[in-house]
Amino acid sequence: MAKQVVVQPGDVTQRVGVEVIRARGVDVEKLIRMLVANAAAEFASTYYYYTILRMNLAGHEDYKEICEDARLEDRAHWELIVPRIYELGGNLPNDLKEFHDLAGCRAAKLPDPPTAVNILTLLLESERCAIRSWSAVCDMTFGKDPRTYDLAARILNEEIEHEAWFIELLAHERDGKSVPSGHFRRGEPGWAPYSKNRGFYNP
Ligand SMILES: [Fe+2]
Ligand SMILES: [Fe+2]
């Protein structure tokens, strides 16, 4: 276990909040890189592209509504995790293209042709990528960095629900099968029951 650095009174160059998790074995630099990649996936490759995908679900108002919940919750995930990157001493790249290219999940670009089946398939795989990425953050921080773990676990809760939603919709649309997600649409669009810091970072 790494020896804990004693941060001197008034020292603004080091953070006790970082040193305590480093002492417990967290590779803080690697964690910051993972969080930046996940933030890029939430904002650039998901929230942005889901906006385009939702537009193209025209005529499927029920699918559109579920896509809207997933889209707005990805925005909530972005808002939830970005402050943590800075708390850990990291930052976002000062260039949107560079940031986009760091994303840990493939861009959910509009498929050709933009049929409901193709769009739902893309949405499903995008949620699966998110589940893998947030699970990796949970694994890395479990029992060592309770704050990052808590934020990542809250996001993971919603990603798992999103996967279930798109399995249900794709099974219905593509195969005519009933594979229930176990839940219904949110009470209000993008409710984000686990991940939203109400009144802080979200309208
Ligand atoms: Fe997300
Ligand atoms: Fe999601």
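The values are calculated or read from the model by the stated rules, or taken from the named source; none is laboratory data. Keep in mind the model is a prediction, meaning the values are calculated, not measured. Glycine gets a Cβ as well: all are built from the backbone with ideal geometry, and neighbour counts include every protein chain shown. Only protein heavy atoms, including side chains, enter the accessible area calculation; ligands, DNA and RNA are left aside. Shrake-Rupley method; radii C 1.70, N 1.55, O 1.52, S 1.80 Å.
Brief remarks on what is shown
- Count of the range 25-45 residues, restricted to those that are assigned to a loop (DSSP other than H, G, I, E, B) and either surrounded by 15 or more Cβ atoms within 10 Å (Cβ to Cβ) or touching a strand residue (DSSP E or B) at 6+ places or on another chain (Cβ under 6 Å) (or both), is 1.
- Any hit, the range 172-183, residues being among the aliphatic types (A, V, I, L, M), touching a residue at least 60 places away in the same chain (Cβ under 8 Å) and open to solvent by less than 70 Å² (accessible area, probe 1.4 Å): no
- Qualifying residues in the range 129-142 (those that are over 14 Å from the mean Cα position of the chain (by Cα) and touching a residue at least 12 places away in the same chain (Cβ under 8 Å)) - the one nearest to Glu19 (Cα to Cα): Thr141
Results for (1) surrounded by fewer than 21 Cβ atoms within 10 Å (Cβ to Cβ); (2) closer than 20 Å to Glu42 by Cα, shown as yes or no for each residue.
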| site | (1), (2) |
| --- | --- |
| Asn118 | yes, no |
| Glu125 | yes, yes |
| Ser133 | no, yes |
| Asp139 | yes, yes |
| Asp145 | no, no |
| Ala152 | no, yes |
| Leu169 | no, no |
| Pro193 | yes, yes |
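- Residue within the range 96-103 that is in contact with a Leu (Cβ under 7 Å, 6 or more places away or on another chain) and of a type in the set (A, V, I, L, M) present: no
- Tally of residues being within 24 Å of the chain's Cα centre (by Cα) and either assigned to a loop (DSSP other than H, G, I, E, B) or surrounded by fewer than 18 Cβ atoms within 10 Å (Cβ to Cβ) (or both) across the range 1-24: 1
- Every residue from the range 139-162 that is under 14 Å from Val28 (Cα atoms) and either aromatic (Phe, Trp, Tyr) or within 15 Å of ligand 2 (Cβ to nearest atom) (or both): Phe142, Tyr149
- Criterion violated by Leu88 - all others in (1) more than 16 Å from ligand 1 (Cβ to nearest atom); (2) among the hydrophobic types (A, V, I, L, M, F, W, C); (3) over 17 Å from Ile32 (Cβ atoms) satisfied: (3)
- The single condition among (1) out of contact with any Lys or Arg (no Cβ under 9 Å at 6 or more places or on another chain); (2) modelled with pLDDT of 95 or more; (3) surrounded by 16 or more Cβ atoms within 10 Å (Cβ to Cβ) that Ala108 does not meet is (2).
- Candidate set: the range 76-128, residues that are in contact (Cβ under 8 Å) with a residue 40 or more places away in the chain and hydroxyl-bearing (Ser, Thr, Tyr); chosen: the one nearest to ligand 2 (Cβ to nearest atom): Ser126
- Selected residue (criterion: nearest to ligand 2 (Cβ to nearest atom)) from residues of the range 163-186 that are modelled with pLDDT under 95 and over 13 Å from Ala70 (Cα atoms): His183
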